[in-house]
1. Under 27 Å Cα to Cα from Lys177, which lysines show up? Leave out anything in the same chain fewer than 8 places away.
2. Using the number of other C-beta atoms within 10 angstrom as an exposure proxy, rank Asp20, Asp169, Asp202, Asp15 with the fewest first.
3. Sort Met305, Met69, Met53 by Cβ crowding within 10 Å, fewest neighbours at the top.
4. Loop-only trypsin sites (Lys or Arg not before Pro) in the range 176-252, please: DSSP not H, G, I, E or B, and at most 10 other Cβ atoms within 10 Å.
5. Would you calculate the convex hull of the Cα atoms in the range 190-238 and tell me its volume per residue in Å³?
6. What is the log10 of I(q)/I(0) for the range 254-331, computed with the Debye formula using one identical point scatterer on each Cα and no solvent, at q = 0.12, 0.22, 0.23, 0.24 Å⁻¹?
7. Debye calculation, C-alpha points only, no solvent: report log10 I(q)/I(0) for the range 136-292 at q = 0.12, 0.14 Å⁻¹, in the same order as the q values.
8. For a quick check of your reading of the filter: which GluC sites (Glu not before Pro) in the range 121-180 sit in a DSSP loop and have no more than 12 other Cβ atoms within 10 Å?
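Read the figures in this text as sums done on the coordinates, not as results from a lab. Because the structure is predicted, anything quoted here is derived from the model rather than measured. Note that we place each Cβ from the backbone using ideal geometry, even for glycine, and neighbour counts take in every protein chain shown.
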Amino acid sequence: MNAAPHPRTLILGIDTSCDDTGVGVVELTGGRVRVLANRVWSQTVHAQYGGVMPELASREHVERIDAVMGDALAEAGVTVDELGAVAATSGPGLVGALLVGLMYGKGVAQALGVPFHATHHLEGHIFAAASEAELAPPFLALVVSGGHTHLFDVPREGEYVLVGATKDDAAGEAFDKIARLSGLGYPGGPAIAEAALTGNPDAVPFKEPLQGQKGFDFSFSGLKTAALLAHRAGASAPDLAASFQKAAVHTLVKTTRRAAEATGRDTVVVSGGVAANRALREAFAGTGLRVVFPGRGLNTDNGAMIALAGAAAITAGRAPGTLAEGAEAYAPLAALAPQA
C-alpha cells in the first residue's frame, strides 16, 4: 500500500524590519523546504545620510510592498489563493518599518483565512540556513549583521540560549563606520571586502578585542577607534580595509570556535549580512566544524528567511500567532546565559 502523499504548504514570508522590503515564498512538503521566490527591494535613499533614516524607511516600504509581493508570487509561479500560511517579522527592528510588513501580512492571512505567524527577525536569520541544509538541534548559531552580533546555543527546537553578544557595535555596524571613515561608501560590508582585495592585511596592527575573556562576547568599538587613529596617521583605504577585515574575522571565528568547544557543538550556523563576507567563510572553513551558511541572497534581510522560520514553526507543531500581535523594537530572542 502506498503511503499518503505529504501535504504541500506554500508559506509567504515578509520582512520590513529595517531598510529592505523583502517578500519570499517557501514550499514545505513533508518537513522539507524549498525556496520558490525571494524578492528584495533595497532602499538607496539612506546612502546620503550614511545610515538608515527610520521615517524614510517606513515610507519606502509602504510604496514598494505591493510590487515586491507581486514579483515574489510571479517568481514562485503561484497565485495568492494558493498560499497556506503567512509569516511576517514582528521584531526586533524599526517599529514604523515593522508595522508595514506586519499589518500587510495580517491582512493577507485574514483575507485568505490561513494561519499567521508573527516571526522573530533573528530566528529568520538562523533558519535562512535551512535553504542549504537540514537544521536539527543541537547547534550553535552566530547571527552577525549591521544590527546584530549574537551567538546562540540551540539545544532543542525552539529553544535559544544566548551565550555571547557584542558589548558595543554590531560587526556590520563597525564595517559601515570604517567604510564611511575611509570614503569607501555604504553599505560598508561589500565596500570593505572589495577594498581589502588590494590592501595589506598586516599594514595596521589591530589589537585583538577581549583577550583572555572567559565568556563568548564580542567587541568592535576598540577596532573602530584604532581604525580612526590609523586613518589619521595616513593608512590607505585598502590597507585599512584589509587589516580591519582580518581582525574582525579573527575575533568572530575564534570566539565562536571557543563556544563550540565549550558546548560540545559540532555544527554552527553563520547568518546575517556579514556572513556573505568571503574572508569570514574561508576562515570558518578551516575550523573543522560543520558550518552552514544561508544560500545566495539569504544573508541580508529578506522575506524568504521569515517564511523558512515559519516553516520550522509549522513542522514543529507550534501554534500560529494571532492578528493582535504587535511590532516590537526591542525583542530579545533569548536572555544572556550566566557565564562562569
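1. Within reach: Lys167, Lys207, Lys224, Lys246, Lys254.
2. Asp202, Asp169, Asp20, Asp15
3. With the fewest neighbours first, Met305, Met69, Met53 line up as Met53, Met69, Met305.
4. Filter output for the range 176-252: Lys207, Lys214.
5. 94 Å³
6. -0.50, -1.10, -1.12, -1.15
7. -0.48, -0.64
8. Glu134, Glu159
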